[in-house]
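The values are calculated or read from the model by the stated rules, or taken from the named source; none is laboratory data. This one's a predicted model, so the numbers in the text were calculated from it and none came from an experiment. Neighbour counts are summed over all protein chains in view; Cβ atoms, including those assigned to glycine, are modelled from backbone coordinates with ideal geometry.
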Ligand SMILES: Cc1cc2nc3c(=O)[nH]c(=O)nc-3n(C[C@H](O)[C@H](O)[C@H](O)COP(=O)(O)OP(=O)(O)OC[C@H]3O[C@@H](n4cnc5c(N)ncnc54)[C@H](O)[C@@H]3O)c2cc1C
């Protein structure tokens, strides 16, 4: 058995920022960071458009209160307002701190950090490094981990969160290189495992965004919060789903239907292309449904709309959003200086997650916490995004709440002893579990079952939802779960058995998908990204509350938790 004061699972922005804060607070704390990828390959590296903070470099009248209001309104009033206040107040400070670490932000001509417009933000407050912001920040953070003596376990797949008697004690992890299994005991475990885009068949997320941390938390008997709120980003490149950043619209690009109209005028006349993502994704879906989408041959009635950048001109495109130009050129052969890009909504972000308080401590129930367990970043739900996240608020959440959670862990482990743990039991059970997966004599390929599952989620729990469709979807999920015992693996080796990892990831996808659909089924209203055709209105009297879903293989129990409303009273949400 290995032992560290703190073990952090996840090497993206949230995990790295937390690790760094623990070391800055107390260099003698022994911190390990585990990731199934190399940390620099975490999905954070793909973040493009930027990170929000009221530096007031471009719009001097901006304020944290305005940022907080935009965030709460964007969330359709489901965000916890105490958490939003922290997010927006601490934002300028974390950006300056990143700059001092060496992050290369794009500049104004006077040398200050540049800021651009973003969907749902009333001021230009998004800081950026061209359209490679995640890349710039993550590289600097990972450098800092090494400098500060954080022990990195890369390409270890974490399989289980060990919870006994209401206390998190450590993790079980599997070394992808050689199949070694290790139990790690820790005074504090933190999850920063990112999102679950791969639950759906079209997503902007990378292949490792399979929701493992969410599934492990649920399997340990802990609740997941607000999982029905799945963000569809309006502009996924058709047909692959790869992201074309909102920064492109922030810089002035138009959305055009088959009739050549800027159709956002009919959905959000005051914000147009810079309406929040839920509204813009619904607008595109409705245009396509109404036959005003476009086919690859340019005729009407097809599956996408155009994102048109041509009026921006070559110089602006190449200096502000070069990566988006590259993506369209590399994947589709399109030169966006001269041609519009085909886009449609793609699954992008997980608003819900592991419920935490503003110190990153995980909740067991609406009013109790579990010992020894923390979470931050996309896998966590401190609820700053509520029912719909604004662009550029997620990187900010990772950095603000990564830092806070790190500071809270540094305090927490001072008082805590190593928990008692019988490693042999976990070791034996894990070996048996892996062996039985390898020995399984089924008839189904992993890819086949994964595709069926992703298609089921996309068809029955997409941009628009209804009771009938979800009832069918939930029944299909039960059938597909049975088929998991029928998958077979060709690769029986321990070295680099990526097939085995895919089998484990598929299990995560299925747990997370079922929780998403069950939570969506129970929320009989439309709010933010959750859009019910059978309940088209927001219903504050019955549903202004957070969902808490408890998973067990036998079924899912749904409970609710109040929303913190201490500043902005819910109003009708119009743009
Ligand atoms: C294409 C794209 C562009 C985006 N652009 C922006 C943007 O411009 N602005 C913005 O605010 N947000 C943006 N987002 C969202 C934002 O990037 C993410 O929400 C954020 O980076 C998530 O960071 P994280 O630290 O929570 O997790 P991630 O960066 O996803 O990292 C997860 C980590 O967990 C590890 N892990 C997961 N499961 C396991 C396991 N079982 N065992 C071991 N390790 C595991 C992974 O290896 C990885 O290291 C974008 C997202 C995408 C997909």
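Being away from the ligand (no atom under 16 Å from the Cβ) and closer than 30 Å to residue 94 by Cα is true for just one of 371, 424. Which residue is that? Walk me through it before giving the result.
On the way: 424 fails: closer than 30 Å to residue 94 by Cα.
After ruling out the rest, the residue left standing is 371.
Considering only residues that are more than 9 Å from the ligand (Cβ to nearest atom) and in contact with a helix residue (DSSP H, G or I) (Cβ under 8 Å, 6 or more places away or on another chain), which ones fall in segment 144-176? Walk me through it before giving the result.
Taking segment 144-176 as the starting set, the residues that turn out to be more than 9 Å from the ligand (Cβ to nearest atom) are 144-152, 160-170, 172, 175-176.
Within segment 144-176, 144, 145, 148, 149, 150, 152, 160, 161, 162, 172, 176 qualify.
Do you know which of the residues in segment 21-47 that are part of a strand (DSSP E or B) and more than 7 Å from the ligand (Cβ to nearest atom) is surrounded by the most Cβ atoms within 10 Å (Cβ to Cβ)? Break it down stepwise before answering.
First, the residues of segment 21-47 that are part of a strand (DSSP E or B): 31-35.
This time we only want the ones that are more than 7 Å from the ligand (Cβ to nearest atom), so: 31-33.
Working: 31: 30, 32: 21, 33: 26.
Looking at residues that are part of a strand (DSSP E or B) and more than 7 Å from the ligand (Cβ to nearest atom), I get 31.
Answer yes or no as to whether residue 347 is farther than 20 Å from residue 223 by Cα, at pLDDT 95 or above, within 14 Å of the ligand (Cβ to nearest atom) and assigned to a strand (DSSP E or B).
Details: farther than 20 Å from residue 223 by Cα: yes; at pLDDT 95 or above: yes; within 14 Å of the ligand (Cβ to nearest atom): yes; assigned to a strand (DSSP E or B): yes.
Yes, satisfied.
Collect the residues in segment 207-259 that are closer than 15 Å to residue 159 by Cα and either in the same structural domain as residue 515 (by TED's automatic domain parsing) or assigned to a helix (DSSP H, G or I) (or both), keeping them in residue-number order.
Once the filter is applied, which keeps residues that are closer than 15 Å to residue 159 by Cα and either in the same structural domain as residue 515 (by TED's automatic domain parsing) or assigned to a helix (DSSP H, G or I) (or both), segment 207-259 yields 212, 213, 214, 215, 216, 217, 218, 219.
Of all residues in segment 523-556, count the ones that are out of contact with any helix residue (DSSP H, G or I) (no Cβ under 9 Å at 6 or more places or on another chain), free of Cβ contacts under 8 Å to residues at least 60 places away in the same chain and more than 17 Å from residue 479 (Cα to Cα).
Of the residues in segment 523-556, 8 are out of contact with any helix residue (DSSP H, G or I) (no Cβ under 9 Å at 6 or more places or on another chain), free of Cβ contacts under 8 Å to residues at least 60 places away in the same chain and more than 17 Å from residue 479 (Cα to Cα).
With respect to the numbered conditions (1) within 15 Å of the ligand (Cβ to nearest atom); (2) surrounded by fewer than 23 Cβ atoms within 10 Å (Cβ to Cβ); (3) in a strand (DSSP E or B), which one is the sole condition not fulfilled by residue 5?
Of everything listed in (1) within 15 Å of the ligand (Cβ to nearest atom); (2) surrounded by fewer than 23 Cβ atoms within 10 Å (Cβ to Cβ); (3) in a strand (DSSP E or B), residue 5 misses just condition (1).
Considering only segment 199-225, state which residues are within 12 Å of the ligand (Cβ to nearest atom), surrounded by 24 or more Cβ atoms within 10 Å (Cβ to Cβ) and over 12 Å from residue 379 (Cβ atoms).
203, 204, 205
Considering 15, 11, 50, which residue is near the ligand (Cβ under 9 Å from one of its atoms), modelled with pLDDT of 95 or more and on the phi > 0 side of the Ramachandran plot?
Values: 15 fails: on the phi > 0 side of the Ramachandran plot; 11 fails: on the phi > 0 side of the Ramachandran plot.
So the residue among 15, 11, 50 that is near the ligand (Cβ under 9 Å from one of its atoms), modelled with pLDDT of 95 or more and on the phi > 0 side of the Ramachandran plot is 50.
Please name all residue pairs, on different chains or six or more residues apart, with Cβ atoms under 7 Å, provided the first residue is in segment 473-499 and is farther than 23 Å from residue 175 by Cα and the second residue is loosely packed, with under 13 Cβ neighbours inside 10 Å.
486/443
What residue, of 76, 62, 70, is under 21 Å from the mean Cα position of the chain (by Cα), in a loop (DSSP other than H, G, I, E, B) and within 30 Å of residue 563 (Cα to Cα)? Talk me through it step by step, then tell me what you get.
On the way: 62 fails: under 21 Å from the mean Cα position of the chain (by Cα); 70 fails: in a loop (DSSP other than H, G, I, E, B).
Within the list 76, 62, 70, the selection yields 76.
Which numbered condition trips up residue 88, out of (1) within 14 Å of the ligand (Cβ to nearest atom); (2) assigned to a helix (DSSP H, G or I); (3) touching a residue at least 40 places away in the same chain (Cβ under 8 Å)?
It fails just one condition, (3).
Among the residues that make up segment 471-489, is at least one of them away from the ligand (no atom under 16 Å from the Cβ) and part of a loop (DSSP other than H, G, I, E, B)?
Looking only at segment 471-489, we keep the residues that are away from the ligand (no atom under 16 Å from the Cβ), and these are 471-489.
When the remaining residues are screened for being part of a loop (DSSP other than H, G, I, E, B), the result is 488-489.
Checked against the condition, which is being away from the ligand (no atom under 16 Å from the Cβ) and part of a loop (DSSP other than H, G, I, E, B), segment 471-489 yields at least one hit.
Within segment 208-242, work out how many residues are modelled with pLDDT under 95 and in contact with a helix residue (DSSP H, G or I) (Cβ under 8 Å, 6 or more places away or on another chain).
Here the count works out to 2.
It is to be established whether one or more residues within segment 406-416 are in contact with a helix residue (DSSP H, G or I) (Cβ under 9 Å, 6 or more places away or on another chain) and either under 16 Å from residue 225 (Cα atoms) or within 16 Å of the ligand (Cβ to nearest atom) (or both).
yes
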